[in-house]
Amino acid sequence: AEPTPSRATRALAGFTRIGVVGSGTMGAGIAELCALNGLDVRLAVSRPASLESAPRRLAASLDRRVAKGRLTPEGRDAALAAVSVGTDLGDLADRELVVEAVVEDEAVKLAVFSTLDKVVEPDAILASTTSALSITRLAGVVQHPGRVLGVHFFNPVAVLDLVELIPTLLTDESVCRRAEEFVTALGKKPVTVGDRSGFVVNALLIPYLLAAIRMVESGYSSAESVDQAMESGCAHPMGPLKLADFIGLDVVAAIAEALHAESRQPLHAPPPLLSRMVEAGILGRKSGRGFHSYA
Ligand code: 3HC
């Protein structure tokens with residue numbers, strides 16, 4: 001059963017006020033998870049349109065939990081009331097932990113970290129959900145890099161247990177410990193790994209997805225056959241092309257670029273077919289079309 005939050009926020013592993021920057025798939029999932037655990041969540045969005053769409057999507061997701069009998073209507077109302085949305089990063093001033101979940105673009109993330117550093121209290125933790133960018137480089141624009149680490153959730157946040165924790169060479173020991181206690185209290189299973197592009201999961205997953213795309217690109221196999229092979233032959237919940245569509249082909253391409261920039265290995269280079277699909281706006285499930293159709 002879902003935890004039932006009360007209107008009065010409560011501390012979770014010593015944290016009460018959480019900030020989330022970005023209301024995409026990951027940011028929205030993390031905000032919802034925190035709200036369901038009784039935390040006070042401030043969600044900072046970049047586009048004014050998200051001021052209306054982010055609460056609407058949160059309400060729809062909570063309603064699905066109620067419909068499945070996993071959450072009471074009171075729990076839904078409390079979780080909804082626990083999340084406030086705004087466009088000003090300055091509103092995150094009183095947050096004890098801020099999770100950055102903006103687009104996988106280093107320039108955008110650096111700008112967010114630089115601003116957050118000036119806004120929050122000196123003992124607040126700044127976390128990034130980047131998949132493949134350097135946490136150390138993000139920490140480089142922060143006055144006290146000891147407070148920065150990677151906290152990498154997986155999609156769907158509500159379903160998948162793993163959180164990769166990525167301290168840099170400069171992260172304070174106490175920051176690692178507090179982050180580990182926090183994600184454990186959220187019900188997740190953390191693994192702590194070093195700051196290398198892709199960490200563990202994407203360093204292994206992305207070359208696999210790219211290899212599957214190359215099978216389709218070369219005409220060796222259809223997307224349907226590749227997916228069926230891995231679903232029926234290896235018991236994966238989704239074949240690699242369905243999974244690439246689910247992650248978003250733009251996100252897969254961005255992670256591949258970052259992995260390739262660090263490793264220079266051909267296995268990390270985005271196949272031209274992937275790049276062309278992204279340029280064409282064929283982004284997978286979210287655009288209605290990817291290797292499969294979602295019309
Ligand atoms: N929010 C909440 N619950 C969700 C959900 C969501 N977004 N999506 C699915 N669920 C729940 C459903 O409610 C259902 O719960 P129930 O069985 O208790 O009713 C359960 O998950 C199964 O969902 P469905 O029956 O709808 O569908 P499937 O059985 O096909 O499961 C899936 C869907 C959970 C997405 C499954 O296909 C899966 O695990 N796929 C692999 C996902 C994966 O590998 N993600 C990692 C991507 S990599 C990443 O995130 C890192 C990044 O850096 C790229």
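Rule-based calculations on the coordinates, nothing more; no lab input. Values in this document were obtained by computation on a predicted structure and should not be read as measured data. Please note: Cβ atoms are built from the backbone with ideal geometry, for glycine as well, and neighbour counts cover all protein chains shown.
The figures follow:
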read-out: Residue match in segment 148-158 (condition: farther than 20 Å from GLY27 by Cβ and either surrounded by fewer than 22 Cβ atoms within 10 Å (Cβ to Cβ) or within 16 Å of the ligand (Cβ to nearest atom) (or both)); value: no
read-out: Residue satisfying condition, being buried (at least 16 other Cβ atoms within 10 Å of the Cβ), more than 29 Å from ALA253 (Cα to Cα) and touching a Leu at 6+ places or on another chain (Cβ under 7 Å), within set VAL119, VAL98; value: VAL119
read-out: Test: residue in segment 26-45 that is β-branched (Val, Ile, Thr), buried (at least 20 other Cβ atoms within 10 Å of the Cβ) and part of a helix (DSSP H, G or I); value: yes
read-out: Close pairs (9 angstrom Cβ cut-off, 6 or more residues apart or separate chains): at positive phi in segment 233-259, more than 10 Å from the ligand (Cβ to nearest atom) and among the aliphatic types (A, V, I, L, M) anywhere; value: GLY248/LEU283
read-out: Extreme residue, farthest from the ligand (Cβ to nearest atom), among residues of segment 159-192 that are within 19 Å of LEU126 (Cβ to Cβ) and of a type in the set (Ser, Thr, Tyr); value: SER174
read-out: Filter pass, LEU71 being assigned to a helix (DSSP H, G or I) and either in contact with an Asp or Glu (Cβ under 8 Å, 6 or more places away or on another chain) or closer than 24 Å to ILE255 by Cα (or both); value: no
read-out: Lone qualifier among LEU126, LEU138, LEU133 - being more than 18 Å from ASN202 (Cα to Cα), within 16 Å of the ligand (Cβ to nearest atom), touching a residue at least 24 places away in the same chain (Cβ under 8 Å) and touching a helix residue (DSSP H, G or I) at 6+ places or on another chain (Cβ under 6 Å); value: LEU138
read-out: Single condition ASP195 does not satisfy, out of (1) out of contact with any Pro (no Cβ under 8 Å at 6 or more places or on another chain); (2) within 16 Å of the ligand (Cβ to nearest atom); (3) not in a helix (DSSP H, G or I); value: (1)
read-out: Residue in segment 241-254 that is among the small types (Gly, Ala, Ser) and more than 11 Å from the ligand (Cβ to nearest atom) present; value: yes
read-out: Candidate set from segment 94-122 (those that are assigned to a helix (DSSP H, G or I), touching a strand residue (DSSP E or B) at 6+ places or on another chain (Cβ under 9 Å) and not β-branched (Val, Ile, Thr)); member that is farthest from ARG17 (Cα to Cα); value: LYS109
read-out: Subset of segment 212-222 that is away from the ligand (no atom under 16 Å from the Cβ) and in a helix (DSSP H, G or I) - its residue that is surrounded by the most Cβ atoms within 10 Å (Cβ to Cβ); value: VAL216
read-out: Test: residue in segment 187-203 that is closer than 26 Å to SER134 by Cα, more than 20 Å from the chain's Cα centre (by Cα) and surrounded by fewer than 14 Cβ atoms within 10 Å (Cβ to Cβ); value: no
read-out: Qualifying residue in segment 264-282 (condition: within 13 Å of the ligand (Cβ to nearest atom), out of contact with any Asp or Glu (no Cβ under 8 Å at 6 or more places or on another chain) and touching a residue at least 40 places away in the same chain (Cβ under 8 Å)); value: no
